[in-house]
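Asker: Sharing a structure here in structure tokens format.
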Amino acid sequence: MTDTVKFHFDGEELSLPAGLSLAAALTTAGIRGFREGPNGATRGMFCGMGVCQECLVEVDGNPNQRACMTKVASGLSVRTQSARPALVASPQISSNPLVEKPDILVVGGGAGGLSAAAEAARHGAQVLLLDERATSGGQFYKQPAAGFALLDKQQSDGAALLDDALQSGARLLDETEIWGAFAGPEIHATRRGQAVIVRPRVLIVATGAYEQPRLVPGWELPGVMTTGAAQTLWRSYRTLPGGRVAVFGNGPLNLQVADELRSGGAEVLLVAEAAPAPWTRPGAAVAMSAASPGLARDGLSTLMRLRRGGVPVHFKTVLSRVETADGGLRATTDGAGGEVVVDAVCMNYGFQPQNEILRLLGADFIYEERRGQLICQRSDECETTVGGVFAVGDCCGMGGAPAARVEGQIAGCAAAAKVLGQQAMYNRGANLRLRQHRAFQSALWRVFEADSQDYADIAQETLVCRCESVTKGDIDGPSQEPGVEIGGVKRATRVGMGRCQGRYCSHVLAKHMALAQGRSVDERAYFAPRVPIKPVPIASVLAAQEALEADDA
């Protein structure tokens, strides 16, 4: 990458490589604070995938632009967004929405969505795929931005999958922000200044998952980000999250990203894994190796590279506090890692399914205690309890990218048969591969099984809802009122009312409230899903409403 662009941030001119997101460009320039939080404290990029809404900046006078989803361009005037940005006119939204009526709509351009779209199109169905990102591939295959070469086989496999979907005849609408899901099914979205309404005969939801943090004092500080966000910076934009990095969490992604950042030139001062060392659980390790010898070898090789590279890897160790120190961040553990001062603290303590669309449409869920997730109930063909709505991949519960690809093939075949009035041709090989992938994932998480964070152990000053700066201390009183439900705590404290719509606090509070009232956790313990599922200009809602009124006239 040799081309550069010049733009201004808070009046200072920056010259940086073309093709970067604003978040990557500012990180490259050593800038980690992007906006003011509700209490005046500085906030920065956290999730790196458009979920957390923490990296908002003002671009050319327009507030609320996500730096992680906005491409840098010459001449831009970017400013730190204030906690209460000035009111400006809503962006222009075309009064003539794009209305699509495909046979099959696939939502999500990751491993499962791309596979489902390709399979359904090859069976003769008219397929439309909506993806929020400018470049599809999802979080596992994380494709490089324009102008950057493919990094490794993982990215090459993702590029081949994307090409396969496009060659199948499926149509792709990228940069499409979905904000509503209604019975029908009917999906409402916004794309490049135009409202989008899609009324498919069959819907396949493949929205993936987002990372689960550990709630500790300081987790909202600029420079603290999810492990996946750090990986996106590197794999998509060849940007390191910092020169000195520490990685905390639970699961193999943390080891992989630590190794990638180390190979990219970062000094990885610590990797802290919450689970015991894998070799202390030989039964699960053997089962994992039997299910997928290649993936098991890859994991062991990653750990050995970290060891040879001098990276300390501590097991049964978790992050306990982050604070500013010495021009960086001081991260403290409650285990063998002690303290380290770094530029970036990366964390991933598991995942939560992005199931908002499925919940809005009324699909049934059960709660899985071991992982603390709502699991969507599906048939063997991946159809939910709502007829004509299929779901594949990690939005249904964590199964991994290989399983998502096979589920996509199964769902794509079944969905095409449904709309074409044919008998689904079930592939025994696909079902066998799916069982193997699921067996591997089951063994993998037995190897990495660790205690989840206990609400009682969260410090009083810790933010539970980072969007609204609601602390555990703020929640404790209202949550202990006799007979109070999670909605009552929300009204009393504003927890879950922020831009992320409770994605980072809901699973914590749902479990706490259920246990406090002596009942089991289920879907009703969570905040009720509601439209819009993500922040959207009011003009988008009005444009959609006008289109619906015109249809009824």
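No lab work stands behind these numbers, since they all come straight from the coordinates. Keep in mind it's a predicted model, so treat the numbers as computed, not measured. No Cβ is skipped: glycine too gets one built from the backbone with ideal geometry, and neighbour counts run over all protein chains shown.
Asker: Rg/Rh for segment 1-125: what does it come to with C-alpha atoms and Rh from Kirkwood?
Answerer: 1.09
Asker: Can you give the relative contact order of the chain as a percent, counting alpha carbon pairs under 8 Å and 6+ residues apart?
Answerer: Normalised by residue count, the contact order of the chain is 16 percent.
Asker: Summing +1 for each Lys or Arg and -1 for each Asp or Glu, what net charge is found among the other residues whose Cβ lies under 14 Å from the Cβ of Val340?
Answerer: -3
Asker: With a cap of 16 neighbouring Cβ atoms within 10 Å, and only residues DSSP puts in a loop, list the GluC sites (Glu not before Pro) found in segment 466-553.
Answerer: The qualifying sites are Glu485.
Asker: Right, something else. DSSP loop GluC sites (Glu not before Pro) in segment 341-387 with at most 15 other Cβ atoms within 10 Å of their Cβ, which ones?
Answerer: Listed in order of number, the matching sites are Glu369.
Asker: Straight-line reach from Lys153: which lysines have a Cα under 28 Å away, not including same-chain ones fewer than 8 places off?
Answerer: Lys71, Lys142
Asker: Which value in deg cm²/dmol, rounded to the nearest 500, describes the helix-derived mean residue ellipticity at 222 nm for the chain, given -39,500 (n - 2.57) per DSSP H run of n ≥ 4 and division by the residue count?
Answerer: -9500 deg cm²/dmol
Asker: Provide the net charge surrounding Cys465, with neighbours chosen by a C-beta distance below 14 Å and charges set as Lys +1, Arg +1, Asp -1, Glu -1.
Answerer: Here the charged neighbours net out to +2.
Asker: Work out the charge dipole of segment 269-428 with +1 on the Cβ of Lys and Arg and -1 on the Cβ of Asp and Glu about the Cα centre, then indicate which of Ala325, Gly338, Pro402 is farthest towards its positive end.
Answerer: It is Pro402.
Asker: On a C-alpha basis, how far is the centre of segment 132-193 from the centre of segment 304-359 in Å? Whole number, if you could?
Answerer: For segment 132-193 versus segment 304-359, the Cα centre distance is 29 Å.
Asker: Above 27 angstrom, tally the Cα pairs of segment 213-349 and express them as a % of all pairs, no decimals.
Answerer: Considering segment 213-349, 17 percent of its Cα-Cα pairs are separated by more than 27 Å.
Asker: If one computes the Cα centroid of segment 200-275 and of segment 488-546, what distance in Å separates the two points?
Answerer: Between the Cα centres of segment 200-275 and segment 488-546 lies a distance of 25 Å.
Asker: Dipole size in debye (nearest 20) for segment 337-483 around its Cα centre, Lys and Arg Cβ +1, Asp and Glu Cβ -1?
Answerer: That gives segment 337-483 a dipole magnitude of about 1120 debye.
Asker: Excluding the sites themselves, what is the longest stretch of the chain that contains no trypsin sites (Lys or Arg not before Pro) in a DSSP loop with at most 14 other C-beta atoms within 10 Å?
Answerer: 1-191
Asker: Also, I was wondering about something else. Classify the chain as rounded, prolate or oblate from the Cα gyration tensor: take a ≥ b ≥ c as the square roots of its eigenvalues, call it rounded if a/c is under 1.5, otherwise prolate when a/b beats b/c and oblate if not.
Answerer: Here the chain falls in the rounded category.
Asker: Check Phe351: other-chain or 5+ apart residues with amide H under 5 Å from its amide H, H built from backbone geometry?
Answerer: Gln212
Asker: Using a simple charge model, +1 on the beta-carbon of Lys and Arg, -1 on the beta-carbon of Asp and Glu, nothing else, what dipole does segment 213-349 show about its Cα centre, in debye to the nearest 20?
Answerer: Charge dipole, segment 213-349, about its Cα centre: 400 debye, nearest 20.
Asker: Place a +1 charge on the Cβ of each Lys and Arg in the chain and a -1 charge on the Cβ of each Asp and Glu, then give the dipole magnitude about the Cα centre in debye, rounded to the nearest 20.
Answerer: So the dipole magnitude of the chain works out to roughly 880 debye.
Asker: Starting from the amide H of Trp179, placed 1.01 Å from N in the peptide plane, find each other amide H under 5 Å away whose residue is 5 or more places distant or on another chain.
Answerer: His188, Ala189, Thr190
Asker: Can you give the local net charge around Leu114? Use residues other than it whose beta-carbon is closer than 15 angstrom to its beta-carbon, Lys and Arg +1, Asp and Glu -1.
Answerer: -4
Asker: Something else: Using +1 at the Cβ of each Lys and Arg and -1 at the Cβ of each Asp and Glu in the chain, identify which of Pro535, Pro478, Leu515 lies farthest towards the dipole's positive end.
Answerer: Leu515
Asker: With label points built 7 Å along Cα→Cβ from the Cα atoms of Gln545 and Ala86, find their separation and express it in nm.
Answerer: According to this spin-label approximation, the distance is 2.8 nm.
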